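A short write-up of the structure that comes next.
The values are calculated or read from the model by the stated rules, or taken from the named source; none is laboratory data. These figures come from a predicted structure and were not determined experimentally. Using ideal geometry, Cβ is built from the backbone for each residue, glycine included, and neighbour counts are taken over all protein chains shown.
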Amino acid sequence: MSSVIQLRDLQKSYFMAGQAIPVLKGINLDINRNEYVALMGPSGSGKSTLMNILGCLDSPTNGMYNLNGHDVSKMSDDDLAGIRNVEIGFVFQQFNLLPRLSAAENVALPLVYAGISKKDRLDRAMVALEKVGLADRSHHKSNELSGGQIQRVAIARALVNNPSILLADEPTGNLDSKTSVEVMELFGKIHSTGNTVILVTHEEDIARYAHRVVRLRDGNIETDTVNNNFSHF
């Protein structure tokens, strides 16, 4: 299997009052194409910092991060933004939809930055909405959709660029338990079509949907295990 993510001795420190505060202390990790991985860890473990680096929202202090053949560890902010728009689909706990836009227009937003024509943008947005079962709600605005439907729109937006990885940060944090199950089943279906999914969560019942669980503690990987009890669909 080919690695979509390779991390070698990845370190991240923040500087406060002239002091270096190490947050990631030498992470080595490979994630293969079409894996479904949950990143877990208590508050302060470094999982949010690691997610920001994986998502090209931040850069490591030291070490190497290779994303789908690109060494992104030393890239400028502008280059990181370009890679982010092509390689990564984000799903956040806060859905981050623009309320004045329809579902289809929200999904099409990442394609505006890619310079794609309006007709192609909306065509591709409809394909993405079809994948999440919401093609019939494409003209609705977010105040006309349920919480679960809004998160589905956010997932469609993350998929519209056909990214190398789908990165989900606590994607069920604002949803009730029934809707959470529906959204996690959707992630399973997306993974089964060939997508690489990385899920950041502190909830054990959500991590059970992933096939592999990487646990961080104090800036290091504590365990990296195959999940034989993942939820089937």
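Would you say residue 79 is outside any loop (DSSP other than H, G, I, E, B), touching a Leu at 6+ places or on another chain (Cβ under 9 Å) and among the charged types (D, E, K, R)?
Considered against the rule, which asks whether it is outside any loop (DSSP other than H, G, I, E, B), touching a Leu at 6+ places or on another chain (Cβ under 9 Å) and among the charged types (D, E, K, R), residue 79 comes out as no.
Hey, any hits in the stretch 57-77 for a residue that's under 17 Å from residue 199 (Cβ atoms) and either at pLDDT below 90 or not polar (S, T, N, Q) (or both)?
yes
Output the residue which, of all residues in the stretch 176-216 that are touching a strand residue (DSSP E or B) at 6+ places or on another chain (Cβ under 7 Å) and small (Gly, Ala, Ser), is farthest from residue 47 (Cα to Cα).
Taking the candidates together, the pick is 210.
Taking the conditions exactly as written (within 30 Å of residue 185 (Cα to Cα), modelled with pLDDT under 90 and either surrounded by 14 or more Cβ atoms within 10 Å (Cβ to Cβ) or among the β-branched types (Val, Ile, Thr) (or both)), does residue 112 satisfy them or not?
yes
In the stretch 35-48, which residue that is at pLDDT 95 or above and not aromatic (Phe, Trp, Tyr) is surrounded by the fewest Cβ atoms within 10 Å (Cβ to Cβ)?
Across the stretch 35-48, the extreme among qualifying residues is 35.
May I ask you to list the residues in the stretch 18-43 that are among the polar types (S, T, N, Q), over 14 Å from the mean Cα position of the chain (by Cα) and not in a strand (DSSP E or B)?
Residue satisfying the conditions is 43 alone.
Can you tell me how many residues within the stretch 97-113 are under 9 Å from residue 153 (Cβ atoms) and part of a loop (DSSP other than H, G, I, E, B)?
Selection size over the stretch 97-113: 1.
Return the residues of the stretch 56-72 that are in a loop (DSSP other than H, G, I, E, B) and either free of Cβ contacts under 8 Å to residues at least 24 places away in the same chain or not charged (D, E, K, R) (or both); say none if nothing qualifies.
56, 57, 59, 60, 61, 68, 69, 72
Exactly one of these conditions fails for residue 120: (1) surrounded by fewer than 13 Cβ atoms within 10 Å (Cβ to Cβ); (2) modelled with pLDDT under 95; (3) of a type in the set (Asp, Glu). Give me its number.
(2)
Just to be sure, is residue 52 over 19 Å from residue 6 (Cα atoms) and free of Cβ contacts under 8 Å to residues at least 60 places away in the same chain?
No, not satisfied.
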